[in-house]
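Engineer: Quick one: this structure, given as structure tokens, is what I'll be asking you about.
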Amino acid sequence: MKMNTKGNDYFETPRSIFRQLDDIFKFTLDVAANENNHLCEYYFTEQDNALECSWFSQRCFCNPPFSKMADFIKKAHDEVLKNECPICVMILPLNSMDTKAWHKYIEGKFVYEILEGRISFIDPQTKKPKSGNNSGTVIVYFKKRIRTKNL
């Protein structure tokens, strides 16, 4: 899986945002990480290619590479709905809400939360927050809906 070496593919999630989510979901797998920025003990790197691997019943966190955002949205959708993954929490730019992938794989199927304000993601080179994020942030909770009727 070749990623964009320029731009937003490697920007990291601020630990404060991750900790709030991890306190709730107790993540076991970071599906879009590397040796230097993984937020879970277990993680997939570019070489592992999360888009080709099973997420094998893990509680997944995903800050997808910007250039592969639609592919990761589809993968999270598919993994959760085929019972491979009980939950995947994905952090996305707010402008992803007007994409084909959003409407095909998220809207009307999964719950999401729009964050107030702009997140300063971490620059992978300086390891410091990068100001100037031109989009808000939405967090999508890919999980199956609770059924109220017996199957």
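Engineer: Tally up the residues in region 65-89 that are aliphatic (A, V, I, L, M) and either modelled with pLDDT under 95 or over 13 Å from residue 101 (Cα atoms) (or both), please.
Structural biologist: Of the residues in region 65-89, 4 are aliphatic (A, V, I, L, M) and either modelled with pLDDT under 95 or over 13 Å from residue 101 (Cα atoms) (or both).
Engineer: Here is a follow-up. Under 7 Å by Cβ, and 6 or more places apart or on different chains, what pairs join a residue from region 21-33 that is closer than 11 Å to residue 87 by Cα with one that is among the hydrophobic types (A, V, I, L, M, F, W, C) and not in a loop (DSSP other than H, G, I, E, B)?
Structural biologist: Here the result reads 25/87; 25/89; 27/60; 27/61; 29/60, each pair linking region 21-33 to a residue that is among the hydrophobic types (A, V, I, L, M, F, W, C) and not in a loop (DSSP other than H, G, I, E, B).
Engineer: Of 18, 44, 27, which residue is in contact with a helix residue (DSSP H, G or I) (Cβ under 9 Å, 6 or more places away or on another chain), surrounded by 15 or more Cβ atoms within 10 Å (Cβ to Cβ) and at pLDDT 95 or above?
Structural biologist: Matching residue, one of 18, 44, 27: 27.
Engineer: Consider residue 61 carefully, then state whether it is under 23 Å from residue 145 (Cα atoms) and touching an Asp or Glu at 6+ places or on another chain (Cβ under 7 Å).
Structural biologist: yes
Engineer: Let me ask another. Write out, first by first residue and then by second, each pair whose Cβ atoms fall under 6 Å of each other, whose residues are 6+ apart or on separate chains, and whose first residue, in region 45-60, is of a type in the set (Phe, Trp, Tyr) while the second is not in a loop (DSSP other than H, G, I, E, B).
Structural biologist: Every condition considered, the pairs that remain are 55/79.
Each row is one residue, and each column tells you yes or no for (1) within 11 Å of the chain's Cα centre (by Cα); (2) closer than 18 Å to residue 122 by Cβ.
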position	(1), (2)
23	no, no
30	yes, yes
39	no, yes
48	no, no
56	no, no
63	yes, yes
75	yes, no
86	no, no
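Engineer: Which one of these is within 12 Å of residue 30 (Cα to Cα) and not β-branched (Val, Ile, Thr): 64, 86?
Structural biologist: From the options 64, 86, the qualifying one is 64.
Engineer: Please verify whether region 128-137 includes one or more residues that are touching a Lys or Arg at 6+ places or on another chain (Cβ under 6 Å) and polar (S, T, N, Q).
Structural biologist: yes
Engineer: Please verify whether residue 33 is crowded, with 16+ Cβ neighbours inside 10 Å, of a type in the set (A, V, I, L, M, F, W, C) and part of a helix (DSSP H, G or I), treating the condition exactly as stated.
Structural biologist: In short, no.
Engineer: Going by what's in this entry, would residue 60 be described as farther than 19 Å from residue 137 by Cβ, not hydroxyl-bearing (Ser, Thr, Tyr) and not in a helix (DSSP H, G or I)?
Structural biologist: No, not satisfied.
The values are calculated or read from the model by the stated rules, or taken from the named source; none is laboratory data. Keep in mind the model is a prediction, meaning the values are calculated, not measured. Cβ sites come from the backbone with ideal geometry, for glycine too, and all protein chains shown count toward neighbours.
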